1. Can you name the residue in segment B:181-193 that is part of a loop (DSSP other than H, G, I, E, B), under 19 Å from the mean Cα position of the chain (by Cα) and facing another protein chain (nearest Cβ under 10 Å) and is also nearest to B:GLY128 (Cα to Cα) among such residues?
2. Give all pairs with beta carbons closer than 7 Å in which a residue from segment B:189-206 that is under 16 Å from B:LEU166 (Cα atoms) meets a residue that is in a helix (DSSP H, G or I) and of a type in the set (A, V, I, L, M, F, W, C); count only pairs at least 6 apart in sequence or on separate chains.
3. Restricting attention to segment A:308-321, which residues are under 30 Å from A:LYS228 (Cα atoms) and surrounded by 21 or more Cβ atoms within 10 Å (Cβ to Cβ)?
4. In segment B:129-148, what residues are within 18 Å of B:GLY12 (Cα to Cα), surrounded by fewer than 24 Cβ atoms within 10 Å (Cβ to Cβ) and of a type outside the set (Gly, Ala, Ser)?
5. Which one is nearest to the other protein chains (Cβ to nearest Cβ), of the residues in segment A:158-180 that are outside any loop (DSSP other than H, G, I, E, B) and buried (at least 24 other Cβ atoms within 10 Å of the Cβ)?
6. Among (1) of a type in the set (Phe, Trp, Tyr); (2) under 16 Å from B:ALA258 (Cβ atoms); (3) surrounded by fewer than 24 Cβ atoms within 10 Å (Cβ to Cβ), where does B:TRP126 come up short?
7. Counting only residues that are assigned to a loop (DSSP other than H, G, I, E, B) and either without any contact (Cβ under 8 Å) to a residue 12 or more places away in the chain or on the phi < 0 side of the Ramachandran plot (or both), which one in segment A:143-157 is farthest from the other protein chains (Cβ to nearest Cβ)?
8. Please state which of the following conditions A:LYS62 fails to meet, knowing it meets all the rest: (1) closer than 24 Å to A:GLY327 by Cβ; (2) surrounded by fewer than 17 Cβ atoms within 10 Å (Cβ to Cβ); (3) without any contact (Cβ under 8 Å) to a residue 40 or more places away in the chain.
There are 2 protein chains.
Amino acid sequence: MSAALYVGLDVGGTTMKAAVVDDTGTPLSKPVVMDTLPERGQEAGLETMCETIRRAASAAGKTLKDIAAIGVATPGLMDIKAGLILDPPNLKPWKNVPVRDHIKGVFKIPTIYQNDANAAAYGEFWVGAGQTAASMVLFTLGTGVGGGIVLGDYILEGEHSHGGELGHLRIESPRHGRRCGCGARGCLEAYGSATSVVARARDELAVWRGPSRLKEYYTANNDVLTAKLIFDLADGGDELARQIVDDTAYYLGLGACAAIATVDPEMIVFGGGMAKDEAFRAKIHEYVVRFGLPHPVRKVKVEFAKLGSDAGFIGAAGGARLALKKGG
Amino acid sequence: MSAALYVGLDVGGTTMKAAVVDDTGTPLSKPVVMDTLPERGQEAGLETMCETIRRAASAAGKTLKDIAAIGVATPGLMDIKAGLILDPPNLKPWKNVPVRDHIKGVFKIPTIYQNDANAAAYGEFWVGAGQTAASMVLFTLGTGVGGGIVLGDYILEGEHSHGGELGHLRIESPRHGRRCGCGARGCLEAYGSATSVVARARDELAVWRGPSRLKEYYTANNDVLTAKLIFDLADGGDELARQIVDDTAYYLGLGACAAIATVDPEMIVFGGGMAKDEAFRAKIHEYVVRFGLPHPVRKVKVEFAKLGSDAGFIGAAGGARLALKKGG
């Protein structure tokens with residue numbers, strides 16, 4: 001008998017991706033990508049998910065009969081135990097979508113449902129940056145700050161499907177910190193996401209009085225700004241850009257300290273474009289050592305995510321594999 | 001064959017306690033208590049541990065042959081995997097004490113080693129406040145703020161034996177927050193422990209200009225102050241005392257929010273004298289709902305610890321039982 005194969009499906013607000021992944025975590029093809037088009041409604045969405053899974057099998061030269069289990073990851077809000085997408089802001093107008101049971105019903109294959117950030121964390125843990133680690137925490141820096149916690153064979157999903165919501169660790173006062181998308185103030189996401197870096201930079205630019213190449217660019221480009229530009233100018237020595245990047249490392253360092261005080265992982269992995277910058281990660285690590293618990297911070301590893309945007313579907317497949325293994 | 005029995009031993013800086021605990025979590029006797037006397041050195045300490053275990057068996061009318069496993073809990077710093085007490089501040093001058101192997105060698109019985117705060121959390125989870133919960137986080141408010149995290153059958157020990165160090169969650173700025181015993185600033189422990197409540201009250205008293213019964217007591221009693229007095233006067237309506245208690249609930253609420261954003265437990269349990277006050281716990285819960293993630297905070301339960309200072313040895317015994325069960 002050949003080794004087991006799994007389909008991992010990662011559903012996002014814009015696209016969904018799926019591929020067949022083997023028992024060693026290797027995708028058998030490039031992922032199949034289809035538009036999610038949530039505005040077409042959830043029935044259409046469920047059909048697109050099934051079609052993406054079918055095409056993933058074809059792309060790997062397999063049929064669904066070759067698949068041992070399907071792993072599906074979606075963004076929150078969700079009810080993992082019930083297998084439901086509740087009402088995530090980026091999948092409007094979907095509501096209470098029975099993802100797991102629908103897919104399981106269509107294919108008659110064991111189907112395991114996960115949060116997308118947790119799936120990405122498990123992907124990195126299984127075959128990415130955390131492959132050698134016994135436990136790992138992932139921070140993904142994008143439009144938000146995603147998080148996931150893996151402790152050996154345990155993916156920390158949480159009792160209410162909110163485990164590893166590390167973007168909502170608070171690193172400034174809930175009374176006067178920056179406003180987060182969740183409605184509260186002071187969340188890490190309001191400081192450490194790529195989007196927030198730009199927002200903080202705009203605030204700094206409004207009051208910056210010294211010379212600055214960042215300010216020149218900003219004015220010359222009709223106030224268009226990206227996190228990448230800020231990081232590039234910081235590397236080039238611009239003082240204002242450097243200060244913004246340093247503050248970002250400080251905030252992420254505080255988030256990492258909170259993860260250490262709770263789960264004390266062997267490794268903390270940062271994903272997303274900004275985290276590619278090695279000097280930036282070193283800076284985060286410096287703040288962790290400066291402000292975290294002395295004993296574990298001396299030993300914790302800080303790494304860059306390896307799988308990029310493939311982490312989600314690989315981790316979804318890995319989660320399915322893990323559930324089968326645990327189930328016996 | 002009768003059901004399995006376990007000895008749980010909880011080693012503290014002042015005393016150590018042990019009792020035989022049965023398979024349902026019921027101690028067969030009151031715990032045997034012996035002085036730790038760390039200043040007599042670690043050889044004497046190890047002998048006292050063994051003697052406490054022997055007396056616990058006798059107190060239960062059993063011999064060591066009746067014991068399936070021994071659970072030992074000690075305060076950090078420690079190396080759980082290696083079974084070593086490293087160099088905890090309250091066990092000076094002990095250093096690198098091979099607790100697990102020594103006890104195992106003396107009694108030839110499987111011996112499981114744990115952090116004392118994690119053991120207390122497991123005790124509450126097994127047969128205390130968290131008995132009905134699938135996952136639980138414990139905050140113990142004493143001279144410090146202890147913490148422990150239990151996720152089903154998983155006691156979160158951490159990669160470097162620092163899992164669940166919830167007293168070192170940061171709830172104020174690391175730059176200008178209150179100084180914590182760990183050396184950093186802004187830790188929950190520097191705000192929410194009974195000791196810190198008194199310290200914060202002294203600071204408030206120094207600048208308070210209005211009338212206050214707390215201030216009268218303080219002055220009349222040569223500046224002697226306890227957390228209990230502050231809580232009692234707050235219940236009696238004293239404005240200054242009420243403000244201090246309310247701030248304490250706010251800080252603990254922020255700590256609980258961080259626990260929710262990482263592990264999203266079904267239940268958060270508070271232990272220690274202060275937490276007995278139901279109105280105080282309700283106040284903490286209010287702050288959790290106000291400042292935490294909307295979805296899980298609506299569902300999380302906030303309870304008072306049930307086992308008091310017995311949680312440690314019961315949880316140590318429970319941890320031993322759990323390890324045997326997992327081991328097969």
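1. The first filter runs over segment B:181-193 and keeps only residues part of a loop (DSSP other than H, G, I, E, B), leaving B:181-184, B:186, B:188, B:193.
Adding the requirement that they be under 19 Å from the mean Cα position of the chain (by Cα) leaves B:181-182, B:188, B:193.
Restricting the remaining residues to those that are facing another protein chain (nearest Cβ under 10 Å) gives B:182, B:188.
Numbers: B:CYS182: 30, B:LEU188: 24 Å.
So, considering only residues that are part of a loop (DSSP other than H, G, I, E, B), under 19 Å from the mean Cα position of the chain (by Cα) and facing another protein chain (nearest Cβ under 10 Å), the one nearest to B:GLY128 (Cα to Cα) is B:LEU188.
2. The qualifying pairs are B:GLY192/B:LEU252; B:ALA194/B:ALA227; B:ALA194/B:MET274; B:SER196/B:ALA190.
3. A:ASP310, A:ALA311, A:GLY312, A:PHE313, A:ILE314, A:GLY315, A:ALA316, listed by residue number.
4. B:THR143
5. Filtering segment A:158-180 down to residues outside any loop (DSSP other than H, G, I, E, B) leaves A:166-168, A:170, A:179.
Those still in the list that are buried (at least 24 other Cβ atoms within 10 Å of the Cβ) too: A:166-168, A:170.
On the way: A:LEU166: 7, A:GLY167: 8, A:HIS168: 5, A:ARG170: 6 Å.
Step by step, filter segment A:158-180, then rank; the result is A:HIS168.
6. (2)
7. Residues of segment A:143-157 assigned to a loop (DSSP other than H, G, I, E, B): A:143-144, A:152-153, A:156-157.
From the residues that got through so far, the ones that are either without any contact (Cβ under 8 Å) to a residue 12 or more places away in the chain or on the phi < 0 side of the Ramachandran plot (or both) too are A:143-144, A:153, A:156-157.
On the way: A:THR143: 18, A:GLY144: 13, A:ASP153: 10, A:LEU156: 6, A:GLU157: 8 Å.
Ranking the qualifying residues of segment A:143-157, first place goes to A:THR143.
8. Single failed check for A:LYS62: (3).
The values are calculated or read from the model by the stated rules, or taken from the named source; none is laboratory data. Worth saying up front: this structure is predicted, and the values here are computed from it rather than measured. A quick note on method: Cβ atoms are made from the backbone with ideal geometry, for glycine too, and the neighbour counts reach across all protein chains shown.
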